[in-house]
Amino acid sequence: MAGKIYIIGIGPGDEKNRTLRMLEAIKESDVIIAYTTYADLIKDLTDGKEVITARMKEELYRAKMAIKKALEGHTVALVSSGDPQVYGMAPPTLEMMCANNVNVDFEIIPGVTAALAAAARLGSPLSMDFAVISLSDLLVPAEEILHRVRKAAEGDFVIALYNPINKPLLLKAMEIIAEYRKGETPVGIVKGAYRENEEVIVTTLSEWKKYLDKINMVTMMIIGNSRSYICNGKIITPRGYTSRYDYVNAFNS
Ligand code: SAH
């Protein structure tokens with residue numbers, strides 16, 4: 001009898017931001033498939049299980065192994081950081097099943113994605129409409145990425161940038177955003193949200209380049225919209241009601 005694949009998001013990396021459903025699913029699984037770093041982040045949960053690790057670019061191998069193991073009757077946990085749909089393992093696995101006419105029982109288990117984890121550390125920057133854009137040009141051409149950045153900037157969306165490690169592309173993206181937003185627009189940089197050695201930086205569109213050295217494989221950037229501001233060291237994006245709400249009066253009456 002075929003088994004099942006749990007396509008799991010483990011959250012930003014710490015134990016406290018795991019979901020109960022994710023813990024249950026890992027417990028139930030006898031095979032764990034993960035990118036090496038993620039396997040390390042859940043080491044405490046995988047004792048006695050078969051753990052198959054793979055390097056970063058081996059997504060298709062991980063998807064294949066998950067499907068094959070499930071077809072053999074195993075219960076498989078296929079692990080992504082954050083949420084598995086957000087630049088994670090859910091799409092390649094579902095696409096591989098679809099392309100090969102295979103239909104194994106599966107369940108997607110959501111997790112706290114990096115944009116939300118980083119945002120929580122920065123204050124409340126994502127409180128109005130926001131756009132999530134990955135700067136990885138491995139699977140999407142750079143021109144298309146920059147086109148989306150331009151449209152998001154033009155639409156005054158708060159912008160959350162995943163995979164900013166591609167520095168030339170990051171610099172171009174930020175230049176495009178600067179065409180539409182003022183220099184004092186808040187920029188948040190969070191390195192390793194909820195992980196050991198986490199770093200949280202609140203800066204602005206005119207100053208952010210000072211922190212280029214903070215940008216690595218686990219850095220998230222958030223750029224405020226035209227109404228975002230910095231107060232008490234945190235980024236606030238109003239929910240759009242500032243002209244309707246009198247916060248001072250409401251607090252003092
Ligand atoms: N599925 C993941 C995203 C994978 S793409 C999720 O939902 O979060 C990998 C990118 O996510 C990294 O380059 C980085 O931009 C971001 N990221 C992942 N974990 C992070 C963390 N703990 N802190 C900050 N950014 C993180």
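Quick notes
- Exposed GluC sites (Glu not before Pro) absent: longest stretch of the chain, with sites in DSSP loops and at most 15 other Cβ within 10 Å deemed exposed: 73-183
- Each part reduced to its alpha carbon centroid, the stretch 220-253 and the stretch 139-188 end up 22 Å apart.
- Tensor-based shape of the stretch 52-177 (alpha-carbon gyration tensor, a/c under 1.5 rounded, otherwise prolate or oblate): prolate
- Calculated [θ] (222 nm, deg cm²/dmol) that DSSP helices of n ≥ 4 give over the chain, each run adding -39,500 (n - 2.57): -9500 deg cm²/dmol
- Restraint check, Lys43/Lys69; Lys182/Lys209; Lys27/Lys68; Lys16/Lys234, Cα-Cα greater than 18 Å: Lys43/Lys69; Lys27/Lys68; Lys16/Lys234
- Checking every one of the trypsin sites (Lys or Arg not before Pro) in the stretch 24-129 against DSSP loop status and a limit of 10 other Cβ atoms within 10 Å picks out Lys57.
- Rounded to 0.05, the FRET efficiency of the Asp105 and Leu138 pair, given R0 = 30 Å and the Cβ-Cβ distance, is 0.50.
- Other residues whose C-beta falls under 15 angstrom from the C-beta of Lys191 contribute a net charge of 0, scoring Lys and Arg +1 and Asp and Glu -1.
- Shape category assigned to the stretch 1-76 from the gyration tensor of Cα positions, a/c cut at 1.5: oblate
- Taking a straight Cα-Cα cut-off under 18 Å and skipping sequence neighbours fewer than 8 places away in the same chain, the lysines within cross-link reach of Lys64 are Lys4.
- Rounded, prolate or oblate (a/c below 1.5 giving rounded, otherwise prolate when a/b exceeds b/c) for the chain by Cα gyration tensor: prolate
Quick note: the coordinates plus some simple rules give every number you see, no bench work behind them. Quick caveat: nothing in here was measured; it's all calculated off a predicted structure. Counting neighbours? That spans all protein chains shown, and the Cβs are built from the backbone with ideal geometry, glycine included.
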